[in-house]
Amino acid sequence: MDDARVIRIVKKIMPSVVSIAITEKLEDLRKQLPHGPETTIPESAADAHGMVEIGGGSGFIVAPNGLILTNKHVVSDANAEYTVILNDGRSFRASVMSRDPINDVAILKIDADRLPCLKLGDAGKLQLGQSLIAVGNALGIFRNTVSVGIVSGLSRAITAQADPGAPAQEMRGLIQTDAAINPGNSGGPIVDRDGYVVGVNAAIVSGAQSIGFAIPVSAARRDIDDLLRYGRIRRPLLGVRYIMVDDDLKAKMGLSVDYGALVLRESQHDYAVIPGSPAEKAGIREMDVVLELNGGRLDRNHPIQDFLENSNVGDEVHLLILRSGKQFPIKLILAERKSVA
């Protein structure tokens, strides 16, 4: 991509890219730290309202009435307050409208209108080697940071943590890019050569260079459509915890197949089959192996999550189950997975 084109695109999209400041009350912050309320945090760290800045991220405007898209992990702290800083310097208190229960995507709302917004593109048309531009609040310090790169990989899967104390989360279907994505860039847009958003900057690999990941915009588009139509993000629920079967698991568990999804609890405190879920109502049990979903074979490259990502609440799905050496079909209706508000 030539310099002139990059400059034109950056000028076009920059007014719609925002910074997100994360703050918390000084007294609440002290209570959360290892030594409790007596923990010494200087009063000078707080602003006039007793708030302390504890982090930052990026986002971008997707509707003129103040809808802003970012990462879920940027706004995951229920005790924090979030302030959106526009490119023109104006700042607004933000409300978290919804957090996607599956993807690392969240939608914020600020009390503003007639805002410049970005157009969403089609990540499904991306090709390896295609040029991309990433924009964000690098390291939480350098606002409006631009980096240019290419599509280095498609449909990548990684396990990531928002911070050392957070649980690991599997992220699938990601766009891999060598455009620099730094801490603080999370939630910013990654756009194609025409300035259309194709992804949301999401993750970096610790210790690696020139490897960053973005969530395809299709997940975000669906979330926005759900929010506008239902007032919340809706995701389908099957209701099983599982581990994908391979040769090693087959040998370890004495299974008769080397593919499928083994229904299995993660710990003694978990349920393998969630009570009241479609799976329980359909009679699925722990140690069942789900071999197929809607005629598609399940394996490590095609887990249940991938099928659900393309399904909707209320869809009828057909499963092929292996239990005690016998195969039989089950059908059920997908319920709505509870969103995190």
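Here are a few things to note about the model shown:
- When segment 56-66 is filtered for residues that are in contact (Cβ under 8 Å) with a residue 60 or more places away in the chain and buried (at least 19 other Cβ atoms within 10 Å of the Cβ), the ones remaining, listed by number, are 56, 57, 58, 59, 60, 62.
- Residue, modelled with the lowest pLDDT, within segment 135-174, restricted to residues that are among the hydrophobic types (A, V, I, L, M, F, W, C) and more than 30 Å from residue 300 (Cβ to Cβ): 139
- Consider segment 290-321 and keep the residues that are closer than 13 Å to residue 245 by Cβ and touching a residue at least 40 places away in the same chain (Cβ under 8 Å). The one that is farthest from the chain's Cα centre (by Cα) is 290.
- Residue 85 being assigned by TED's automatic domain parsing to the domain that holds residue 20, within 15 Å of residue 17 (Cα to Cα) and either surrounded by 14 or more Cβ atoms within 10 Å (Cβ to Cβ) or at pLDDT below 90 (or both): yes
- Hey, residue 105 touching a helix residue (DSSP H, G or I) at 6+ places or on another chain (Cβ under 9 Å), crowded, with 18+ Cβ neighbours inside 10 Å, assigned by TED's automatic domain parsing to the domain that holds residue 71 and under 27 Å from residue 178 (Cβ atoms) or not: yes
- Restricting segment 233-264 to residues that are in contact (Cβ under 8 Å) with a residue 24 or more places away in the chain and surrounded by fewer than 16 Cβ atoms within 10 Å (Cβ to Cβ), the residue that is farthest from residue 288 (Cα to Cα): 246
The values are calculated or read from the model by the stated rules, or taken from the named source; none is laboratory data. Just so we're clear, the structure is a prediction, and the values are computed from it rather than from any experiment. When we count neighbours, we look across all protein chains shown, and the Cβ atoms used for this are built from the backbone with ideal geometry, even at glycine.
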